[in-house]
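The values are calculated or read from the model by the stated rules, or taken from the named source; none is laboratory data. As the structure is a computational prediction, the values presented were derived from the model and not from experiment. In this analysis, Cβ positions are derived from the backbone assuming ideal geometry, glycine residues included, and neighbour counts consider all displayed protein chains. Heads up: the accessible areas ignore ligands, DNA and RNA and are worked out on the full protein's heavy atoms, side chains in. Shrake-Rupley method; radii C 1.70, N 1.55, O 1.52, S 1.80 Å.
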Amino acid sequence: MSVISAVPTALVTGASSGIGAVYAERLAARGHDLLLVARDRQRLEALASDLQARHGINVEVLAADLAQANDLARVEQRLRDDEQIGVLVNNAGIALHGTLAEATPAQIESLVALNIVAVTRLAAAAADRFSGAGRGTIINIASVVALASEMFNAVYSASKAYVLSLSQTLHGELKDKGVQVQVVLPGVTRTEIFERSGLDVTQIDPQMVMEVGEMVDAALSGLDQKELVTIPSLPQATDWQAYIKARDALGPNLSRSSAAARYK
Ligand code: NAP
């Protein structure tokens, strides 16, 4: 039987650039060994050598296209089997722009495969093994468009609302099993996601754009504070609590034996 390290290995998806690469760096600085997942093996290997040299941790590269069934199954199995992994950063994602009518079937399918199916299957594999071990951390990267769908592309926004919803339910399922769940809702963050999806970040009001290091540091502070939902730029946490309170106030009336008077 292998000895379980006190600082668990972190599996970071989408680690070859942007938010995932910064998570890899920050977790390495905290002493975690890493398993880096993305499609671009060369970029992952360059990051791995740099982090190993700078932080003296072990880094393994797992090149995988998480929108492809075989590759996803491989990463999922690794999460189920590897007892050293105790942190999942479920970060890989793509964006789309334009209206729903303009989206091609292939674009819709690949976004749903990566932003929804892969995120869900990896979270499920982690939930199963981490709860068995009685410890672990699952960080899901959603977006503020989960709360403001009209701001951006329909499929992308809906995929991020899905990640928020999934995380809220997962937290309820795991909170008494020693597993911490956090969902991060970044606003606009300067990464490659814009050029990859054909958008120009320089066209966005600079007051709305956060640098990626600041975003990830805030998210990790939220994690340390045991937040379920972290919105890095939101000044008052009480504004989020008021939103949840308003939602909860609907609760008693969401399912009743008779329709509301205005519908009769
Ligand atoms: P990014 O720089 O484009 O990084 C995306 C990462 O996902 C890359 O490492 C990419 O690596 C990986 N990836 C893409 N397709 C993949 C696939 N099929 N299989 C495996 N890995 C894949 O973008 P980012 O901004 O850091 O995005 C990270 C997450 O943050 C996403 O979920 C995004 O929706 C979310 N987010 C971003 C913003 C923002 O403004 N930037 C705001 C809110 C939320 P490879 O190309 O090597 O596969």
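Values computed for the structure shown
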item	result
Residue check, L62 open to solvent by 20 Å² or more (accessible area, probe 1.4 Å), in contact with a helix residue (DSSP H, G or I) (Cβ under 9 Å, 6 or more places away or on another chain), not in a loop (DSSP other than H, G, I, E, B) and not polar (S, T, N, Q)	yes
Every residue from the stretch 155-171 that is surrounded by 22 or more Cβ atoms within 10 Å (Cβ to Cβ) and either of a type in the set (D, E, K, R) or farther than 22 Å from T104 by Cβ (or both)	K160, V163, S167
Residue list for the stretch 31-47, filter: open to solvent by 30 Å² or more (accessible area, probe 1.4 Å), over 22 Å from R129 (Cβ atoms) and touching a residue at least 24 places away in the same chain (Cβ under 8 Å)	R39, D40, R43, L47
Conditions (1) within 14 Å of the chain's Cα centre (by Cα); (2) away from the ligand (no atom under 14 Å from the Cβ); number of the one not met by L185	(2)
Unique match (being closer than 15 Å to V144 by Cβ and either among the β-branched types (V, I, T) or assigned to a strand (DSSP E or B) (or both)) among V181, V155, V163, V216	V163
Per-region count, the stretch 71-106, residues away from the ligand (no atom under 12 Å from the Cβ), open to solvent by 30 Å² or more (accessible area, probe 1.4 Å), part of a helix (DSSP H, G or I) and not basic (K, R)	5
Looking only at the stretch 199-234, and only at residues there that are within 14 Å of the ligand (Cβ to nearest atom) and among the charged types (D, E, K, R), the one that is most open to solvent (accessible area, probe 1.4 Å)	E214
The stretch 155-169 - residue that is without any contact (Cβ under 8 Å) to a residue 24 or more places away in the chain and of a type in the set (S, T, Y) and, of those, farthest from the ligand (Cβ to nearest atom)	T169
Odd one out for L174 among (1) more than 24 Å from Q107 (Cα to Cα); (2) in contact (Cβ under 8 Å) with a residue 60 or more places away in the chain	(2)
Where D50 falls short, out of the listed (1) modelled with pLDDT of 95 or more; (2) surrounded by fewer than 23 Cβ atoms within 10 Å (Cβ to Cβ); (3) not in a helix (DSSP H, G or I)	(3)
Condition met for Q52 (closer than 27 Å to I193 by Cα and more than 16 Å from the ligand (Cβ to nearest atom))	yes
Per-region count, the stretch 11-34, residues more than 8 Å from the ligand (Cβ to nearest atom), under 17 Å from A118 (Cβ atoms) and either of a type in the set (S, T, N, Q) or in a strand (DSSP E or B) (or both)	2
Failed item, numbered, when S2 is tested on (1) open to solvent by 60 Å² or more (accessible area, probe 1.4 Å); (2) part of a loop (DSSP other than H, G, I, E, B); (3) modelled with pLDDT of 95 or more	(3)
One residue from A63, A146, A133, A125 being in contact with a Lys or Arg (Cβ under 7 Å, 6 or more places away or on another chain) and closer than 17 Å to P8 by Cβ	A125
The stretch 107-154, subset modelled with pLDDT of 95 or more, within 13 Å of the ligand (Cβ to nearest atom) and over 18 Å from the mean Cα position of the chain (by Cα), residue surrounded by the fewest Cβ atoms within 10 Å (Cβ to Cβ)	E109
Index of the failed condition, Q52 passing every other in (1) in contact with a Ser or Thr (Cβ under 6 Å, 6 or more places away or on another chain); (2) farther than 13 Å from L11 by Cβ	(1)
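Yes/no matrix, rows are residues, columns are (1) within 20 Å of I141 (Cα to Cα); (2) not in a helix (DSSP H, G or I):
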{"residue": "T202", "(1), (2)": "no, no"}
{"residue": "Q207", "(1), (2)": "no, no"}
{"residue": "L220", "(1), (2)": "yes, no"}
{"residue": "P232", "(1), (2)": "yes, yes"}
{"residue": "T238", "(1), (2)": "no, no"}
{"residue": "A246", "(1), (2)": "no, no"}
{"residue": "P252", "(1), (2)": "no, no"}
{"residue": "S258", "(1), (2)": "no, yes"}
